[in-house]
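The block underneath contains the structure these notes are about, expressed in structure tokens.
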2 protein chains.
Amino acid sequence: MFKKAKQSRVFQDVVEQIQDAIINGKLSPGTKLPPERELKDRFNTSRGTLREALRVLEQKGLIEIKLGVSGGAIVKRIDAEPVVESLALLIRSGGVSLEHLAEFRIKIEGSLVELAATRATKKDIKALEALFNQAKACYKKNDWGNFLKIDEKMHTYIGTMTRNPVFQFVQKSIHDNIHPYYEEYLPMNKKRTLENLTDFEKIIDAMKVNDAKAASAIIMDHVKRFSDKMQEKINRSN
Amino acid sequence: MFKKAKQSRVFQDVVEQIQDAIINGKLSPGTKLPPERELKDRFNTSRGTLREALRVLEQKGLIEIKLGVSGGAIVKRIDAEPVVESLALLIRSGGVSLEHLAEFRIKIEGSLVELAATRATKKDIKALEALFNQAKACYKKNDWGNFLKIDEKMHTYIGTMTRNPVFQFVQKSIHDNIHPYYEEYLPMNKKRTLENLTDFEKIIDAMKVNDAKAASAIIMDHVKRFSDKMQEKINRSN
DNA sequence: CTATTCTAATGGTTAAACCATTCGATAATC
DNA sequence: GATTATCGAATGGTTTAACCATTAGAATAG
């Protein structure tokens, strides 16, 4: 019924005032706040208390601090970074196993690719084909490091094709947390890289003929196959 | 290639050390950190700097502070609150629309219910039926407030049936952000409550006969129908 | 004109003190 | 003896004043 009453902490009041000003557009991205020594007078508080407020605002992703003369607190454009960070923290310390992550990833990538395929434009297909060709070149040169980077770019690009930021930042949070496992347990080699490449070609082909369900099925199978392989490796190494 | 070099801010180092200890389980939920005056000596820093670190940890949802004697920083059980809060900021600033949220919710609830149905035990079905009967009683008494609470409990319970915390975290993050809009634009009435109730009965029935795909389809249709109604209301009110 | 050095503005840190809240011990009261 | 009131100490919250570290731009040297 009721929310916890406002705690009587001065720095929280400062946080609220500045946050509201940013959300209401009274402070636009790029705007520089006055220096600490001036702000503290405006809010009629001490520098220590003001700085605690700035730390909170910084952590919320609302401002960033620059050093030196003409430095200070600058209003940031609000982006998904705090969501990604807090979701990542939840995953890392919330009793989440690799199996949990993989299971979720199969579903979310399936939904995401289906939506992306539905909304794919010719420009999107061309962009994906360009990335695919870069990946193919890496495959031929046995350049696994760059292959993985381009692979990630393809995933990210497909994320943008959904035109829905929620899918994008959930995808990023999962990817950021699952990637270290891949690096450790499933290093790329010629065979795996080719398998990866083939799957992506199939996805692009399905998108070309507007077969969203097929594209979705391929990515889900792809993620599942690689997750299973990794799980197998981990089980054997234990 | 490279990440931005670690800024030379003492409080960030303190944050990292405490955060790592929490993530690694060296500090369990409920553990009380030493008082500020002792911590500052342990980290060989000043109280002001230490307190800036505590503000960041507090904002990350890792600790909470209690006042008075035997007060201090207590390690929190990790939950979705920081994700909910940062997502709410993103929504309020216009980075994410209600349509984005609804579109994502349809997919995630679909996946979640499918998985839950696959793993449903007889005990789960009984628990859902008990909740369903409570909801039915509220319906008969025209008690919309409690109906909504039980409705949320049913969703949450189905989340636990996935046995996968990632689904539960994401479900809660989305739900908590979409709920206020439902309250504002789609107040419950006899007709809507019955529709809601009927959908849930169908889902339980599908789970009873182990038809996960059907359960998934019903919840997706359910979420879509209610989202569309709300969007319509919002459009008309603008 | 370029390169170097200096200067001052600004965030980062420290120290010491005092205020405010809370819990438990002690005392007063019934 | 049980209950209530009072008090004291531990702990977070705030303030002040000073100094350190970084940086942009001005002044200076070549």
Got a sec? Which of B:Asn146, B:Asn177 is in contact with a helix residue (DSSP H, G or I) (Cβ under 6 Å, 6 or more places away or on another chain) and closer than 30 Å to A:Ser97 by Cβ? B:Asn177
Check off (1) assigned to a strand (DSSP E or B); (2) touching a Pro at 6+ places or on another chain (Cβ under 8 Å) for B:Ile74 and give me the number that stays unchecked. (2)
Out of B:Glu85, B:Glu64, B:Glu58, B:Glu36, I need the residue that is within 13 Å of DNA strand D (Cβ to nearest atom) and surrounded by 18 or more Cβ atoms within 10 Å (Cβ to Cβ). Which one? B:Glu58
Assuming A:Asp199 fulfils every condition listed in (1) away from chain B (no Cβ under 14 Å); (2) not in a helix (DSSP H, G or I) apart from one, which condition is it? (2)
Given the conditions (1) free of Cβ contacts under 8 Å to residues at least 24 places away in the same chain; (2) within 9 Å of DNA strand C (Cβ to nearest atom), which single one is not true for B:Thr49? (1)
Can you name the residue in the range B:69-100 that is at the interface with chain A (Cβ under 10 Å from one of its Cβ atoms) and in contact with a Phe, Trp or Tyr (Cβ under 8 Å, 6 or more places away or on another chain) and, of all such residues, is farthest from B:Asn235 (Cα to Cα)? B:Ala80
Checked pairs for the range A:160-176, first touching a residue at least 12 places away in the same chain (Cβ under 8 Å), second of a type in the set (Asp, Glu) and surrounded by fewer than 23 Cβ atoms within 10 Å (Cβ to Cβ), C-beta under 8 Å and 6 or more apart or across chains, list as A:Met161/A:Asp124; A:Asn164/B:Glu103; A:His175/A:Glu152
Given (1) surrounded by 13 or more Cβ atoms within 10 Å (Cβ to Cβ); (2) not in a loop (DSSP other than H, G, I, E, B), number of the condition A:Asp41 does not satisfy: (1)
What are the pairs with Cβ atoms under 9 angstrom where one residue, in the range A:24-44, is within 14 Å of chain B (Cβ to nearest Cβ) and closer than 12 Å to A:Val14 by Cα and the other, located anywhere, is within 15 Å of DNA strand D (Cβ to nearest atom) and open to solvent by 50 Å² or more (accessible area, probe 1.4 Å)? Sequence gap at least six, or different chains. A:Lys40/A:Ser46; A:Lys40/A:Arg47; A:Lys40/A:Arg51
Being more than 13 Å from chain A (Cβ to nearest Cβ), under 25 Å from B:Glu85 (Cα atoms) and touching a Cys at 6+ places or on another chain (Cβ under 9 Å) narrows B:Ile150, B:Ile158 down to just B:Ile150
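Report yes if B:Asn196 is in the same structural domain as B:Ala102 (by TED's automatic domain parsing) and on the phi > 0 side of the Ramachandran plot, otherwise no.
Working: in the same structural domain as B:Ala102 (by TED's automatic domain parsing): yes; on the phi > 0 side of the Ramachandran plot: no.
No, not satisfied.
The values are calculated or read from the model by the stated rules, or taken from the named source; none is laboratory data. Every value quoted in this text rests on a predicted model; they were computed, and no experiment measured them. Don't worry about glycine lacking a Cβ; one is built from the backbone with ideal geometry, like all the others, and counts go over all protein chains shown. What goes into the accessible areas is simple: the full protein's heavy atoms, side chains included, and nothing from ligands, DNA or RNA. Shrake-Rupley method; radii C 1.70, N 1.55, O 1.52, S 1.80 Å.
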